[in-house]
Amino acid sequence: MRSLLLLLLAFTAWAQLTPERLLKSDAEPHNWTTYSGSYRGWRHSLLDQVNRTTVDKLKVAWVYQMPVTERIETTPLVVDGVMYLSEPPSNVVALDAATGRPYWRYRRSLPEKINVCCGQVNRGVAVVGDRVFIGTVDAHLVALHAKTGAVLWDVPVAEAKNGYSLTGAPLIVKDMVITGVAGGEYGIRGFLDAYDLKTGQRRWRFWTIPEPGQPGSQTWSGDAWKHGGGPTWVTGAYDPEQNLIIWGVGNPSPDWNGDVRPGDNLYSDSAIALDADTGKLKWHYQFVPHDVHDWDAVQVPVLVDGEWQGKPRKLVYWAHRGGFFYVLDRTTGEFLLGKAFATQTWNAGFTAQGRPIRKPNIDPSPEGTYLWPGVQGATNWYSPSYSPQTGLFYLTAWENKGLYRKGDAEYIPGNRFIGSVPEIDLPEEPGWGAIRALNPKTGERVWEHKMHTKPWSGVLTTAGKVLFGSTGGWISREKIAMESYFFALDAENGKELWRINLGGTMASNPMTYSVNGKQMIVMPAGSGIFAFSLP
Amino acid sequence: MYDVACETSQKDIRVSIYTVVWLLATSALAQNASLRNPHTTTADVAAGARIYRSHCADCHGMTGQGGKGPDLTTGVFFHGSSDAALLKNVSDGIEGTAMPGQFFSADQIWQVIAYVRTLATKGSAKPPEGNATRGGMLFASRGCANCHLVRGTGGVSGPDLSYIGSQRPTEQLRRAILEPNALVDPAYWQADIVLENGTPYRGVLLNEDTYYVQLLHPANGLLTLPKRDFRRYVVQKTSAMPSYQGKLQEAELQDLVAYLWSLQRPRRVE
């Protein structure tokens, strides 16, 4: 009897997803344990059952339909046969990863008024041990029991009535759960938080907008820092060797009228690297000083130990909304490369320190200023991917210009604090999208897969040398119709290998896992989670 | 569904009646038609215009002509035309639509409303000269109905004109008859396609994606054609409608415009 108990205990210990297991995600490619599949932010899987030869035989294995109408932006996680995913606005479901049948659902009751700029969305959960974590649109962080969905703790992260919300997937680092906030269109003062995953007590907070007297505060004037924006709504990466959390910071507030906030406005539009134990800033790189175009740096950092000019170096690859692919030194934040990956008309180059040189007459104006890229950028929050097999960096890119207007901006708590509503889709020039593969050593394009419309979803690569991506943008000419193809490309040359029309908005990222010996490819579309496998 | 009313006592019914009366009273307050815009001076209108241009024009057009959002030049609003309804909808946004809220203080929103009211005077409030009945007969006899649907009758290769009087000012109606290419609704752009095998197709471009073009073809109806088979593909941003310049007497033109103007959307009772 005692040995049976020990065996059970051993099994339980094995079955638990420990923080140590999260560090070694390569050892368990059948699982997908963090938002980007690993701490490195690669969105790359070592599974290869679905490969260039077999991918055209993919069939729908199951569909899970959410009883919701909001846009799905979630990346599901899979741990040992159980899938955990968020449903908009702030619900969580656990499913059998083999059949798509739900085990339990956590439904969050929300206040009537929610202050979100762009939909009551959620990008995913975090899992560790027997816990599942979700950030909610009413700005709470909630820990649930992974077996039942029971609430273990529920802590307020910020005041929702002042425009804070949580939409990004949390990230587990050691014994902490890390979460960012949204609210850059509501004049929040942004931050990144770490909570004790057992108790929900806050360990540290890094304010992305420094208060007077703190380093970086000289880049603000007056009281503008109080409502300076700098949200952190996309999950970052973790470098365990250097114990660094690397995260992206969003736009300064108000978005399109910078008159009230002269200065560079640190750390808006920046990559920040924080000591994981203390939350202290180790380095930063600001992609756009004094941004007036809403070009958030809320992208997934891609961490690669690679060669730089013949020498091994710890690097960060970053495709930013403003249209440039960057390579930064991961130890110091030093700027190594900035190369346009899409059409842009705002940047005339970089100084030796990596500060962008702005072209003249690019600011928003009352009558409107045309500029490439448009407000939604040349890429956005959806994930890029890096494949160690091809050595290429992949991303979803937009070729588009926008009309930037400038108007009044007055801070009223809970109201939008933005300065205008720019024109995103120009009727005569709606723009188009592409999947692009870049050589990260140079930023040069290796291939592209063009699309008629501008997609809203990221990419996944696998050891089968396949890239999964999708269309899913709005069709031009105000037709209010979408194209919604989910497709597979050859990761080496971009050749299309397979596609299916899923018929609904795709504003998420593909992921993959394996259950009962079958590799599953997952893509949310419309209200459904679609899982594909070979017959 | 379990019927709760079966268990309701008389006292409950009395309470319910009071509740209904109270709800009606408060609802009347909410819909208060007597609520009037307190900010209507020239300066208010100018301030409202500035906000309108930076925050509203993207969807409703620089002159309120509409685009992604509805036309604001008619003075009739789908979700209520009273000052109270406009204040609520501009302040809070409109649930289930792309209309956002939460931008400005009430004073500033009143200024925007004051400006939006000035846009409506450019609309079609005044009936045009001309005889609508005669215009209706011309509409049937001069080929208009071959392409245009009016309340269930007519063709479908041109825009549905069932409520065109609420959607376009008189001058635009007149101009559209004489110069169809002056203002072409992109929803009626023409796809001009020749397949690799030489087969030509020309029709209303309904949709285009990465792989296919969909069109409404005058003879073949709804078609989906694969782009990989195209030899030629041009989107004609001009109208398929012939100009009636010189084909109608001035009096006939006025009658036709009067008929089109008479096609008004029924107003909501507020």
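The values are calculated or read from the model by the stated rules, or taken from the named source; none is laboratory data. All values derive from a computational prediction rather than experimental measurement. So basically every Cβ, Gly included, is an ideal-geometry build from the backbone, and we count neighbours across all protein chains shown.
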Taking the stretch A:417-463 and keeping only residues that are over 24 Å from A:MET482 (Cα atoms), of a type outside the set (D, E, K, R) and not in a loop (DSSP other than H, G, I, E, B), one is left with A:ALA437, A:LEU438, A:VAL446, A:TRP447, A:THR461, A:THR462
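Residue-wise test of (1) among the basic types (Lys, Arg); (2) crowded, with 24+ Cβ neighbours inside 10 Å; (3) more than 19 Å from the chain's Cα centre (by Cα).
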{"site": "A:VAL181", "(1), (2), (3)": "no, yes, no"}
{"site": "A:PHE191", "(1), (2), (3)": "no, no, no"}
{"site": "A:THR199", "(1), (2), (3)": "no, no, yes"}
{"site": "A:ARG202", "(1), (2), (3)": "yes, no, yes"}
{"site": "A:THR219", "(1), (2), (3)": "no, no, yes"}
{"site": "A:GLY222", "(1), (2), (3)": "no, no, yes"}
{"site": "A:TRP225", "(1), (2), (3)": "no, yes, yes"}
{"site": "A:GLY229", "(1), (2), (3)": "no, yes, no"}
In the stretch B:65-80, is there at least one residue being of a type in the set (A, V, I, L, M, F, W, C) and within 14 Å of chain A (Cβ to nearest Cβ)? no
What about A:GLY473, is it at pLDDT below 95, within 30 Å of A:TRP256 (Cβ to Cβ) and not polar (S, T, N, Q)? yes
What about B:ARG232, is it more than 23 Å from B:THR63 (Cα to Cα) and either without any contact (Cβ under 8 Å) to a residue 12 or more places away in the chain or within 14 Å of chain A (Cβ to nearest Cβ) (or both)? no
Quick count over the stretch A:476-500, residues being out of contact with any Gly (no Cβ under 9 Å at 6 or more places or on another chain) and modelled with pLDDT of 95 or more, is 10
Within the stretch A:135-153, the residues that are of a type in the set (A, V, I, L, M) and closer than 19 Å to A:ALA507 by Cα are A:VAL137
Here, helices (runs of 4 or more DSSP H) confined to the stretch B:88-180 with at least 2 residues that are touching an Asp or Glu at 6+ places or on another chain (Cβ under 6 Å) are B:106-120, B:132-141
Of the residues in the stretch A:397-417, those that are more than 12 Å from A:GLN376 (Cβ to Cβ) and among the hydrophobic types (A, V, I, L, M, F, W, C) come to A:LEU403, A:ALA409, A:ILE412, A:PHE417
Note to self: Given the condition away from chain B (no Cβ under 12 Å), farther than 18 Å from B:LYS227 by Cβ and assigned to a strand (DSSP E or B), answer yes or no: does some residue in the stretch A:468-482 qualify?
What the structure shows: yes
Does at least one position in the stretch A:428-448 carry a residue that is facing chain B (nearest Cβ under 8 Å) and either within 28 Å of A:ARG123 (Cα to Cα) or without any contact (Cβ under 8 Å) to a residue 60 or more places away in the chain (or both)? no
Within the stretch A:365-396, residues over 30 Å from A:THR34 (Cα atoms) and assigned to a loop (DSSP other than H, G, I, E, B) come out as A:PRO366, A:GLU367, A:GLY368, A:TRP372, A:PRO373, A:GLY374
A:TYR195 meets each of (1) assigned to a strand (DSSP E or B); (2) in contact (Cβ under 8 Å) with a residue 60 or more places away in the chain with one exception, condition (2)
Flagged in the stretch A:17-35 as touching an Asp or Glu at 6+ places or on another chain (Cβ under 9 Å) and assigned to a helix (DSSP H, G or I), in numbering order, are A:PRO19, A:ARG21
Within the bounds of the stretch B:55-67, is there any residue that is outside any loop (DSSP other than H, G, I, E, B) and surrounded by fewer than 18 Cβ atoms within 10 Å (Cβ to Cβ)? yes
Among strands (runs of 3 or more DSSP E) completely within the stretch A:69-160, the ones holding 1 or more residues that are small (Gly, Ala, Ser) are A:82-87, A:91-96, A:126-128, A:131-135, A:140-145
Filtering the stretch A:397-409 for residues that are facing chain B (nearest Cβ under 7 Å) and outside any strand (DSSP E or B) leaves a count of 3
Is one or more of the residues making up the stretch A:416-425 more than 17 Å from A:THR471 (Cβ to Cβ), in contact (Cβ under 8 Å) with a residue 40 or more places away in the chain and surrounded by fewer than 17 Cβ atoms within 10 Å (Cβ to Cβ)?
-> no
Per the list (1) within 30 Å of A:TYR411 (Cα to Cα); (2) modelled with pLDDT of 95 or more; (3) polar (S, T, N, Q), residue check on A:ASN115 breaks on (2)
In the stretch B:249-269, anything in contact with a helix residue (DSSP H, G or I) (Cβ under 7 Å, 6 or more places away or on another chain) and either surrounded by fewer than 14 Cβ atoms within 10 Å (Cβ to Cβ) or not small (Gly, Ala, Ser) (or both) is listed as B:GLU252, B:LEU253, B:ASP255, B:LEU256, B:VAL257, B:TYR259, B:LEU260, B:TRP261, B:LEU263, B:GLN264, B:ARG265
Of the residues in the stretch B:181-214 that are more than 14 Å from every other protein chain (Cβ to nearest Cβ) and in a strand (DSSP E or B), the one that is nearest to B:GLU252 (Cα to Cα) is B:GLY203
Exception for A:GLY391 within (1) small (Gly, Ala, Ser); (2) within 21 Å of the chain's Cα centre (by Cα); (3) within 24 Å of A:VAL327 (Cβ to Cβ) falls at (2)
Within the stretch A:343-354, residues being crowded, with 17+ Cβ neighbours inside 10 Å and not aromatic (Phe, Trp, Tyr) number 3
